[in-house]
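Bear in mind these aren't lab numbers, they're just calculated from the coordinates by the rules spelled out. What you are looking at is a predicted structure, and each value in this text was computed from that prediction instead of being measured. Every residue, glycine as well, gets a Cβ built from its backbone with ideal geometry; the counts of neighbours run over all protein chains shown.
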């Protein structure tokens, strides 16, 4: 943590703490390998109702509930007056039903007395207006007073429940997102920049502020800009935001850890592809990564959703939890369609296949009033099960039966895709073609590589790479010195590195590289990008033909003119006749470097050609499918560990599919040996090789 934020945290002092002698509670049974969970809000219902709810949960196989993340006003109804009795009772009641508890810290919803007495803790919105009470996340995440107040309530919780045997973990707040833009935050940002750059001369030089007379003569002149402005300023604001969320989170982590058992994990629930902050920065202090997995409108996109799982698994490079997912439908989309019958169960196994060790539904039962009244639930407002409850019950049985086989296992991949928030931000600020979406670019490579290898990791470019046979960087636009050294070492050690469009256009300051792309990787590539071109694919005459080793196709959205400078650099694809500049020029090149290889793809090719390219990538890298061939629409998820290997197969095709197994396998859910299996739509099978 940088010095500014260390000083910020040291100003937060503990007040006298409430202690309580709680009745002895029996520890829950051995934690299950797979947790089925739900979000439960006992404070919204009479305590006399809890037993019925918990009984239904236990019958469905629910093994944990998350509580209290929105409950500050119930814990501290007025300043300095605390009521934790209801939490004591809720935890004890859950324990009687063999249901563990994850406690959420309540900072996402400050109570009305707090924001009324301390209005300075309310965030300033981008329009300059102070936010109001009545929703959530209306706080200023950098306010010293708010840090003090959250520190107090969290410390009281930690001292009371940090050794409770039925509390298994903590969730810090809920879905970090909203920022504050007031003068106080601007001053903190300026101090943060001073700590980073030391002198204005250094900052001005690295940001090239002579452009448009942007040069600063005083730190106080530097503004907050988010969407259009100096690229160095934009990138550093995002870094500041990320560090500030980390400091906000650490303010609570640092009081939970010394007051709780090591067995209690600490996490926060992130949001998949959301890029409001750098998740690698924020997650590094956590014990466990988790995220909220929602489809919204329509049906599960197994590739986009699967990649979001793999992204989350990559934050800490280990298994994760799905802390929230939809029980059928949501309430916040334009059209809140329900998932099909069977799709919720299939989606849960899709989660587990990608490395989730818990799947939790938001929520158990809807409050009778509130902004999310119409969101899907497992029981209705009358407290009786909705139709989806039966599917959750089946899933509970599945988890109980398959859990022991999956215990200690995780996905292991031969292929990694490199992902960088800084690169996504840099591209989105300067797309050059409005259709150049960095997530779409990542998924265009992810889909064929996932189909061929059946397991893909998504990691940051500074992560250890030695275990991968193939590493692909679809749009690594910002390449720091540390990342460049890591990639060069990977190739020199025998790995195959594939670079996609816009790689290394920018350095760590979001400045153009002083070399042509791919910047510091040009020497090892033996080639470079001579020029880049945005392609207007709405104009048929502008589409650029491409042909070569991977077949005949076209380049849409983007095309880069490459050159080969080393005699051993091979041209894989060339552009056909188009705008004159690209005619006959290299579109993809590759070079062997000792036992390794580096490849650059400058064309944005169609899915069919990318599949052919991915086959070449995997074959030249020695990557093999984890399970073997399966029909289109059948997803395969290998997990291994503790000397065992398990395969989860889910059929997302619209019709039944038959799969010939590579060897005799044991069907864990049905207790049968199989050599072939037929799966109905949304059918699931869990297999262990004999």
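What's the ranking of 594-605, 92-103 by average number of surrounding C-beta atoms within 10 Å, highest first? List each step's numbers first, then the result.
Values: 594-605: 23.3, 92-103: 20.8.
Averaged packing, sorted descending, gives the order 594-605, 92-103.
Can you sort 360, 71 so the residue with the fewest Cβ neighbours within 10 Å comes first?
Ordered from fewest to most neighbouring Cβ atoms within 10 Å, 360, 71 come out as 71, 360.
Take the Cβ-Cβ distance between residue 547 and residue 432 as r, set R0 to 30 Å, and report the resulting FRET efficiency rounded to the nearest 0.05.
It comes out at approximately 0.75.
Estimate the FRET efficiency between residue 341 and residue 52 by the formula 1/(1 + (r/R0)^6), using the beta-carbon distance for r and 35 Å for R0, to the nearest 0.05. Display every interim value, and only then the final one.
On the way: r = 26 Å, r/R0 = 0.73.
The formula returns an efficiency of 0.85 here.
Which residues does a label at residue 462 reach in the stretch 282-306, if reach means a backbone N under 14 Å from a point 7 Å past the Cα toward the Cβ?
Under 14 Å, as judged by backbone N against the label point of residue 462, lie 282-285 of the stretch 282-306.
Give the order of 687, 669 when sorted by the count of other beta carbons within 10 angstrom, beginning with the fewest. Walk me through the numbers on the way to the answer.
Details: 687 26, 669 13.
Arranged by neighbour count, lowest to highest, 687, 669 become 669, 687.
Pop a pseudo-label 7 angstrom from the Cα along the beta-carbon direction at both residue 674 and residue 632 and give the gap in nm to one decimal.
Between residue 674 and residue 632, the simple spin-label model gives 2.3 nm.
So what's the stretch 634-689 giving for Cα Rg divided by 2.2 N^0.38 Å, two decimals? All intermediate terms of the calculation are to be shown ahead of the outcome.
Details: Rg = 11.0 Å, N = 56, 2.2 N^0.38 = 10.2 Å.
The stretch 634-689 yields a ratio of 1.08.
Explain nothing, just the number: relative contact order of the stretch 86-138, from Cα pairs under 8 Å at least 6 residues apart, as a whole percent. Spell out each step's value before the answer.
Working: 29 pairs, mean separation 15.2, N = 53.
Dividing the mean separation by the residue count of the stretch 86-138 yields 29 percent.
I'd like to compare 305-314, 43-52: which one has the highest average count of other Cβ atoms within 10 Å, and what's the full order after that? Show your work: numbers first, answer last.
On the way: 305-314: 23.5, 43-52: 13.4.
Packing order, densest peptide first, comes out as 305-314, 43-52.
Taking only DSSP H segments of four or more residues, each worth -39500 (n - 2.57), what value at 222 nm results for the chain once the sum is divided by all its residues, to the nearest 500 deg cm²/dmol?
Values: 18 runs with 216 residues, N = 690.
That comes out to -9500 deg cm²/dmol.
When you have a sec, figure out the Kirkwood radius of the stretch 79-206 from all distinct Cα pair distances and drop it here in Å to one decimal? Walk me through the numbers on the way to the answer.
On the way: mean 1/r = 0.0581 Å⁻¹.
By the Kirkwood definition, the hydrodynamic radius is 17.2 Å.
Applying 1/(1 + (r/R0)^6) with R0 = 60 Å to the Cβ-Cβ distance of residue 120 and residue 655, what FRET efficiency is obtained, to the nearest 0.05? Could the numbers behind the result be given before it?
Values: r = 60 Å, r/R0 = 1.01.
Calculated value: 0.50.
Along each of the three principal axes of the Cα atoms of the stretch 134-244, give the extent in whole Å, ordering the values from largest to smallest.
Extents along the principal axes, in whole Å: 60, 31, 23.
Working from the alpha-carbon coordinates of the stretch 239-323, get Rg over Rh, Rh being the Kirkwood radius.
Details: Rg = 13.9 Å, Rh = 13.8 Å.
That ratio is 1.01, to two decimals.
Could you give the length gained by full extension between residue 135 and residue 186, i.e. 0.36 nm per residue of separation minus their alpha carbon distance, to one decimal place?
Details: separation 51, 0.36 × 51 = 18.36 nm, distance 2.45 nm.
Extra length from residue 135 to residue 186 when fully extended: 15.9 nm.
Starting with the fewest neighbours, write out 675, 377 ranked by other beta-carbon atoms found within 10 Å of each beta-carbon. Let's see the in-between values first.
Numbers: 675 11, 377 24.
Going from least to most buried by this count: 675, 377.
Taking 7 Å along the Cα-to-C-beta vector as the label spot, tell me the residue 373-residue 333 distance in nanometres, rounded to one decimal.
So the two model labels end up 2.2 nm from each other.
Ranked highest first by the average count of other Cβ atoms within 10 Å around their residues, in what order do 204-213, 483-492 fall? Display every interim value, and only then the final one.
Values: 204-213: 13.8, 483-492: 19.1.
Descending mean neighbour count gives 483-492, 204-213.
Report the dimensions of the stretch 593-690 along its three principal axes from the alpha-carbon atoms, largest first, rounded to Å.
That gives 49, 35, 18 Å along the principal axes, largest extent first.
Based on the Cα coordinates of the stretch 119-167, what is the per residue volume of their convex hull in Å³? Kindly include the intermediate steps, with their values, before the conclusion.
On the way: hull volume 4.8 nm³, N = 49.
In the stretch 119-167, the Cα convex hull volume per residue is 99 Å³.
With the Cα gyration tensor of the stretch 143-200 in hand, convert its eigenvalues to equivalent ellipsoid semi-axes via √(5λ) and list them largest first in whole Å. Mind showing how you got there, number by number?
Working: eigenvalues 229, 32, 28 Å².
Calculated on Cα positions only, the semi-axes equal 34, 13, 12 Å.
Using the Kirkwood formula on the Cα atoms of the chain, what hydrodynamic radius do you get, in angstrom to one decimal?
Mean inverse Cα-Cα distance, inverted, gives 27.0 Å.
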